[in-house]
Amino acid sequence: MSEELVLEFQVRGLDFAAVGEASGGIKRALQQVGMEASVVRRAAVCAFEVETNIVIHATRGVVRARISPERVVVEAEDEGPGIPDLELAMQEGYSTAPAYIREMGFGAGMGFANMKRCSDHMEVWSEVGKGTRVRLLIEVGKP
Amino acid sequence: MYLRDVQRILKAEVLCGEDLLDREVVAGFGCDLISDSLFFATPGTLLLTGLTHLQVIRAAELMEFCGVVFVRGKRPAESVIDVARQKRMPLLLTRYLMFDSCGLLYQAGLRGCRAGEQR
């Protein structure tokens with residue numbers, strides 16, 4: 001079994017100034033290990049979206065990247081309100097973000113759509129009142 | 001097209017990245033939604049936006065955009081410009097509205113990102 005590099009970033013709710021730190025860190029690490037550019041970009045978008053979701057909706061959370069030569073897995077776990085209707089949340093354009101967050105250019109209901117588009121496999125678990133977990137698989141060498 | 005051409009066409013003020021105006025502009029994308037810029041835009045894209053906060057710079061860096069044009073005379077805070085300078089992300093400011101800015105660049109030959117071309 002090949003070696004796995006694991007990176008982990010703590011993300012705080014409503015800390016908009018920090019948006020991009022976790023995803024930027026993951027992107028730099030992927031570039032440093034020589035990952036192909038399309039995988040780097042897809043993983044960076046996935047990480048940016050899960051990171052932004054934690055900042056917008058949760059109290060706190062973790063963004064993790066598991067990097068191996070065959071795949072990159074981006075994971076997010078948060079403590080927060082959870083998602084009552086996952087099917088609805090997956091619809092493009094659906095968002096529960098308040099107006100002031102939308103005015104910042106976030107919360108347009110494109111987050112899950114972006115994650116789905118940029119990953120080869122997406123899993124989301126959520127419990128109302130507890131939090132949400134997202135796992136995004138990006139396979140290396142897949143167009 | 002190069003950033004220097006964009007600056008001339010949009011009569012733009014260069015907020016930072018004077019030394020980077022020889023960068024090639026591969027495509028243009030105008031929006032005020034960060035997720036949309038991640039969804040549609042490809043590396044080398046010029047982002048035109050009315051959003052002036054720090055996350056725009058972070059997203060632009062993450063997606064390897066060639067630069068950002070703030071439309072409608074929107075001016076970001078000095079702290080935002082400082083981060084862009086550190087990240088070597090050129091920032092331009094034009095008084096033209098979004099529609100006119102995109103139209104002028106299109107007229108000069110720049111084309112948009114082809115949606116769905118890359119994932």
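What follows draws every value from the coordinates through simple rules; no lab data is involved. Keep in mind that this is a model prediction, so the values were computed, not measured. For neighbour counting, all protein chains shown are included, and Cβ atoms are generated from backbone atoms with ideal geometry for every residue, glycine included.
What number, rounded to the nearest 500 deg cm²/dmol, is the helix-based mean residue ellipticity at 222 nm of chain A, given -39500 (n - 2.57) per DSSP H run of at least four residues and division by all its residues?
About -10500 deg cm²/dmol.
One way to sum up the overall shape of segment A:59-114 is the equivalent ellipsoid from its Cα gyration tensor, whose semi-axes run 24, 14, 13 Å, largest first.
With bins 5 Å wide beginning at 0, the percent of Cα pairs of segment B:45-94 falling in each bin runs 5, 24, 40, 24, 6.
Could you please rank A:134, A:74, placing first whichever residue has the fewest other Cβ atoms within 10 Å of its Cβ?
Numbers: A:134 25, A:74 32.
The fewest-first ordering by Cβ neighbours comes to A:134, A:74.
What residues have an amide H closer than 5 Å to that of residue A:33, excluding those fewer than 5 places away on the same chain, when H is modeled at 1.01 Å from N in the peptide plane? Amide H neighbours of residue A:33, under 5 Å, 5+ apart: none. Within the shell defined by Cβ-Cβ distances under 11 Å, the residues around residue B:22 carry a net charge of -2, with Lys and Arg each +1 and Asp and Glu each -1. About the centre of its Cα atoms, chain A shows a dipole size close to 280 debye [charges on the beta carbon of Lys, Arg (+1) and Asp, Glu (-1) only; nearest 20 debye]. Taken over the alpha carbons of the protein assembly as shown as equal point scatterers, the Debye sum produces base-10 log I(q)/I(0) values at 0.09, 0.10, 0.12 Å⁻¹ of -0.39, -0.49, -0.70. The mean count of C-beta atoms from other chains within 10 Å of the C-beta of residues in B:60-69, rounded to a whole number, is 3. A Stokes-Einstein calculation at 37 °C with viscosity 0.692 mPa s, built on the Kirkwood radius of segment B:3-107 over Cα pairs, returns a diffusion coefficient of 251 µm²/s. Stretched out straight at 0.36 nm per residue, the stretch from residue B:77 to residue B:107 would grow longer than its current Cα-Cα span by 7.7 nm. Annotation: the antiparallel percentage among DSSP beta bridges lying fully within the protein assembly as shown is about 75. Helical content of chain B, expressed as a calculated mean residue ellipticity at 222 nm, amounts to -10000 deg cm²/dmol (DSSP H runs of 4 or more residues, -39,500 (n - 2.57) each, divided by residue number, nearest 500).
Under the simplified labelling scheme, the residue A:140-residue B:100 pair shows an inter-label distance of 5.1 nm, with each label point 7 Å from Cα along Cα→Cβ. Once the Kirkwood radius over Cα pairs is known for segment A:4-143, the Stokes-Einstein relation at 20 °C and 1.002 mPa s delivers a diffusion coefficient of 144 µm²/s.
Beta bridges from DSSP with both residues in segment B:3-107: antiparallel share about 20 percent, rounded to the nearest 5.
Each Lys or Arg adds one and each Asp or Glu takes one away; over the other residues whose Cβ falls under 11 Å from the Cβ of residue A:130, this sums to -3.
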